[in-house]
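Right, one structure below, let's go through it.
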Amino acid sequence: MKKSVKKVVLAYSGGLDTSVILKWLGDEYGCEVVTFTADIGQGEELDPVRTKAKALGVKDENIFIEDLKEEFVRDFVFPMFRANAVYEGEYLLGTSIARPLIAKHLVRIAGLTGADAISHGATGKGNDQVRFELGAYALNPEIKVIAPWREWDLNSREKLLAYAAKHGIDIAKKPGRSPYSMDANLLHISYEGLVLEDPNAAPEPDMWRWSVSPKDAPDEGEVIEIEFKQGDAVAINGEKLSPANLLAKLNALGAKHGVGRLDLVENRFVGMKSRGCYETPGGTILLKAHRAIESLTLDRGAAHLKDELMPRYAELVYNGFWFSPEREMLQASIDLSQKNVSGKVRLELYKGNVIVLGRASENSLFDVDFSTFEEDSVYDQADAEGFIKLNALRFIIAGKNRR
C-alpha cells in the first residue's frame, strides 16, 4: 500500500537512476517533488543538475544545490578520524560517512519546504538505504520515506533506459564517465560492478580515476609535515588550511604518489558480502599521521581503550548509526581523549607508502630520562623485579596447583 504523500524531497544526482525516480515519483504518487543535490567534493559540475531538474518539471524554488564540503570534513570526516575508524581492518568509510550528512539536509529541506517525505536512489541490496533512512528517522521520526528500488519493477539498467526513453528523460553519458558503479566525495572514490563482481579478478588498470599506480609514482619521495590541534589536522607544511581544503591538498599529494588504493571484500549490513575498490589518498595519509601524533601524546590506557572501542565505532558508522546515542556517547569519550593530541608529524610519501619520519609535540609524554638506554638517575631498574613477581603471582600459584 502506497503512502499518502503531498511533497517529497529527493536526493538528486542528475544521473540515470535519480532522474528516472524524479519522473516516477510524480507519476506514481502524484506529489510535488523537491530536489536536493549536495556538493561534497565529488568533482562534478553541478550546474547541469539544475537544468535537468527543471526540464523534468521541478520548480526553480524547489531545486536545492548546496556546497557542503566544509561541513562534511569538519563535522563528519574529522570526528571520525579522531577515532581512527577503520571498518574490518581496511575500509576508511568514505561512502558511509557522507550519508548521514545528506540525510540531515534532506530532513532540513523537508522542513523548509513543507515536504512530508524524502526519497533516495539506494537499492534494496545495499547499505545506503539503511544509512539514509536511519539518519532521517533519528532527526524526524514523523518523516515518510520512499525507496523506489524497493517498490518498482525497474530492476535492471535496460528497464531504466527504456523508461527514460519512453518519458523523454535525458540520459546523455557524461564525458569520461566510468562504466563502474562509483561514489565519490572529498574523502574517497569507490568502484563496484563489472569485473569486480568476481572477487578473484584483478581490477582493470584503467579503472582507477584519482591516483597513479604506485609503480608509476615518482622515483623521489616527498616529505610533508602535518600539524594537529586537539586531534584535527590544521596545517600542511606550515600552511593553515580549512578542513575541506586540507583534505583536498592531501588527496592531491597522495594521488601523486600512488597512496590509498584498496581492493576489499566487505560484509554489508544487510547480510551479503560485497567486493569493492577504493581510493582514499588523503585519508590514508591522515590516519597514519594522526596515529603518529597520538603515539606521542596519548596516555597508554586511553590509547588502548580507544583501540578497543574503534571497531565498534567504525561498525556504527558503516551500518548507518551516526545519529545514535551510542555513537554520540563514544564520540564524547573520543573527543575528550584528544585535548592534548596536538603537534606536528613529518612523513614521506613514496610509491604507495606513507612513512613516518618524526613527530613532535609540546604535550609529548615521551621522556628520554626514563626511556634512554644510557645511564639515568630517575629509574631504578631493580624495581622491575617486584613488578614482574606481582604480575606473575597468579601464574606461580596456578603452576603449583598443576604440579
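The values are calculated or read from the model by the stated rules, or taken from the named source; none is laboratory data. In this text, all values refer to a predicted model and were calculated from it rather than measured experimentally. Using ideal geometry, Cβ is built from the backbone for each residue, glycine included, and neighbour counts are taken over all protein chains shown.
Summary table below
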| quantity | calculated |
| --- | --- |
| Residue selected from region 83-124 under the condition hydrophobic (A, V, I, L, M, F, W, C) and closer than 16 Å to SER274 by Cα, by the criterion surrounded by the fewest Cβ atoms within 10 Å (Cβ to Cβ) | ALA122 |
| Residue in region 316-336 that is surrounded by 20 or more Cβ atoms within 10 Å (Cβ to Cβ) and either out of contact with any helix residue (DSSP H, G or I) (no Cβ under 7 Å at 6 or more places or on another chain) or farther than 27 Å from ASN127 by Cβ (or both) present | no |
| Residues of region 178-195 satisfying the condition of being in contact with a Ser or Thr (Cβ under 9 Å, 6 or more places away or on another chain) and among the aliphatic types (A, V, I, L, M) | MET182, ALA184, LEU187, ILE189, LEU194 |
| Residue in region 356-365 that is on the phi > 0 side of the Ramachandran plot, touching a residue at least 24 places away in the same chain (Cβ under 8 Å), not hydrophobic (A, V, I, L, M, F, W, C) and not in a helix (DSSP H, G or I) present | no |
| Breaking point among (1) among the small types (Gly, Ala, Ser); (2) more than 21 Å from ARG74 (Cα to Cα); (3) within 17 Å of the chain's Cα centre (by Cα), for ALA303 | (3) |
| Where THR123 falls short, out of the listed (1) assigned to a helix (DSSP H, G or I); (2) within 21 Å of TYR29 (Cα to Cα); (3) free of Cβ contacts under 8 Å to residues at least 40 places away in the same chain | (1) |
| Tally of residues being surrounded by 10 or more Cβ atoms within 10 Å (Cβ to Cβ) and more than 30 Å from GLN230 (Cα to Cα) across region 358-384 | 3 |
| Residue match in region 60-67 (condition: buried (at least 21 other Cβ atoms within 10 Å of the Cβ) and either aliphatic (A, V, I, L, M) or in a loop (DSSP other than H, G, I, E, B) (or both)) | no |
| Pairs, first on the phi > 0 side of the Ramachandran plot in region 86-111, second of a type in the set (Phe, Trp, Tyr) and not in a helix (DSSP H, G or I), C-beta under 7 Å, six or more apart | LEU93/TYR87 |
| Top-ranked residue in region 254-274 [being touching a strand residue (DSSP E or B) at 6+ places or on another chain (Cβ under 8 Å) and crowded, with 19+ Cβ neighbours inside 10 Å; ranked as farthest from VAL130 (Cα to Cα)] | HIS257 |
| Any hit, region 319-327, residues being assigned by TED's automatic domain parsing to the domain that holds ASP216, hydroxyl-bearing (Ser, Thr, Tyr) and either assigned to a loop (DSSP other than H, G, I, E, B) or out of contact with any His (no Cβ under 6 Å at 6 or more places or on another chain) (or both) | no |
| Considering residues of region 343-380 that are of a type in the set (Gly, Ala, Ser) and out of contact with any Gly (no Cβ under 8 Å at 6 or more places or on another chain) only, the residue modelled with the lowest pLDDT | SER371 |
| Residue within region 348-357 that is surrounded by 14 or more Cβ atoms within 10 Å (Cβ to Cβ), in contact with a strand residue (DSSP E or B) (Cβ under 6 Å, 6 or more places away or on another chain) and closer than 17 Å to LYS229 by Cα present | no |
| Wholly enclosed strands (runs of 3 or more DSSP E) of region 143-233 bearing at least 2 residues among the aliphatic types (A, V, I, L, M) and within 27 Å of GLU348 (Cα to Cα) | 222-229 |
| From the options THR297, THR284, residue that is modelled with pLDDT of 95 or more, buried (at least 21 other Cβ atoms within 10 Å of the Cβ), among the polar types (S, T, N, Q) and over 29 Å from TYR180 (Cα atoms) | THR297 |
| Matching residues, region 366-391, being outside any loop (DSSP other than H, G, I, E, B) and either under 44 Å from the mean Cα position of the chain (by Cα) or of a type in the set (D, E, K, R) (or both) | VAL368, ASP369, PHE370, SER371, ASP383, GLU385, PHE387, ILE388, LYS389, ASN391 |
| Condition broken by ILE118, with the remaining ones in (1) of a type outside the set (Phe, Trp, Tyr); (2) modelled with pLDDT of 95 or more; (3) not in a strand (DSSP E or B) satisfied | (3) |
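Here is a yes/no grid of residues against (1) out of contact with any Gly (no Cβ under 8 Å at 6 or more places or on another chain); (2) closer than 20 Å to GLY282 by Cα; (3) not in a helix (DSSP H, G or I):
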{"position": "GLU44", "(1), (2), (3)": "yes, yes, yes"}
{"position": "ARG50", "(1), (2), (3)": "yes, no, no"}
{"position": "LYS54", "(1), (2), (3)": "yes, no, no"}
{"position": "VAL58", "(1), (2), (3)": "yes, no, yes"}
{"position": "GLU70", "(1), (2), (3)": "yes, yes, no"}
{"position": "PRO79", "(1), (2), (3)": "yes, yes, no"}
